[in-house]
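The values are calculated or read from the model by the stated rules, or taken from the named source; none is laboratory data. Computed from a predicted model, the values in this text were never measured in an experiment. When we count neighbours, we look across all protein chains shown, and the Cβ atoms used for this are built from the backbone with ideal geometry, even at glycine.
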Amino acid sequence: MYKREFLNLLNQNKIPNSILLYGACDFQIDHYAKTVLDSWDASPDDILTLYFGEFDFSLAKNHLAQTSLFGNQNILFIKTDKTLDKTQIQTLLNLCANSNQNHLLISCYSDDGKLRALSNIFAKTQNADHVSFFKTSTSEAIAYLAQSAKAKNIHIQPFALSHLYNMHNENLKLSINELEKLAILDKEIGVNEIDKLVYGTGELGLEDFIQKILSGKPFIQDIQRLIESGQIDEVRLVNALQNYVTQLFSFFAYIKLNGTCDAKAILGYPLPGFLAQARAKESMRFNLTQYQNLLKVLCNTELILKTETNQDKESTLLACLLKITKLIKD
């Protein structure tokens, strides 16, 4: 099901007995797994959690097969980063389908194409369903960060949240974890406080690197350093480029339609004046056709990186960036 339908079921407390959460956003998978367990009113004694390589089918099956004299629940929570045996999972689904006490929750930290076959058996006829979580948009990520900051009673400027998110190469889970460091400050948090307390994974300057690519400057040495450092992989780099180009296009379209720039209307949160002006100026460097072609190249490259096996990912990425260089010079 789509995320919107899943959230409606959560709000109505109508989550099915079995559910598979998977996709490209680890934070959302963790966040909503906890919410699902809360909706089932699970106590720690009810839950058997099997982590990654620890999955044991016999243990899992026995946990769901046991009966309780005291009306306790049998909740099986599996966390994995790869697909599981379809036949074994079908057996576990059968044990939960018509039970008042059995529940199955699988958090799979992957968007591998093989998961589609597994997700198909999480059918409504089995009192089951599945939800795929895509990488959050920048505005969604900032909203999650703001929600987490509020829960921790941290007063932080919206642009500072954006700065934190960018420091961690748009890794939402890492960014939220870093909020703990900021909770010690009994004052409003800005960019300066983040720079002092937070060590970002983007020390080579991902945004600077992207701007270098889009301005047509040499980038080969930078990309080798970025990937070899282990700070970012090819897919995340392509996703970061997609987000940046999409943001530029949002500025471009808004300015074309309204004749002025309003960062809050465009992004959902304000930017410092100098940065909003810089984004607006940069967005007007490209025309509509260039934006269309840039996003097409990036989407095709993402698809190749995620679906084609036995490929040289670094070469695929390099070919993409060379195409981008040619497009912006045309």
- Task: Name every residue in region 267-314 that is among the small types (Gly, Ala, Ser) and assigned to a helix (DSSP H, G or I), in order of residue number.
- Result: 273, 276, 278, 280, 283
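Select, from 26, 46, 56, the only residue that is of a type in the set (Asp, Glu) and closer than 28 Å to residue 141 by Cα. Steps first, answer last, please.
On the way: 46 fails: closer than 28 Å to residue 141 by Cα; 56 fails: closer than 28 Å to residue 141 by Cα.
Of 26, 46, 56, the one residue that is of a type in the set (Asp, Glu) and closer than 28 Å to residue 141 by Cα is 26.
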- In region 143-188, how many residues are within 16 Å of residue 272 (Cα to Cα) and in contact (Cβ under 8 Å) with a residue 40 or more places away in the chain? 5
- Of the conditions (1) free of Cβ contacts under 8 Å to residues at least 60 places away in the same chain; (2) of a type in the set (A, V, I, L, M); (3) touching a helix residue (DSSP H, G or I) at 6+ places or on another chain (Cβ under 8 Å), residue 19 fails just one. Which one is it? (1)
- Within region 176-193, is even one residue at pLDDT 85 or above, among the small types (Gly, Ala, Ser), within 26 Å of residue 236 (Cβ to Cβ) and outside the structural domain of residue 270 (by TED's automatic domain parsing)? no
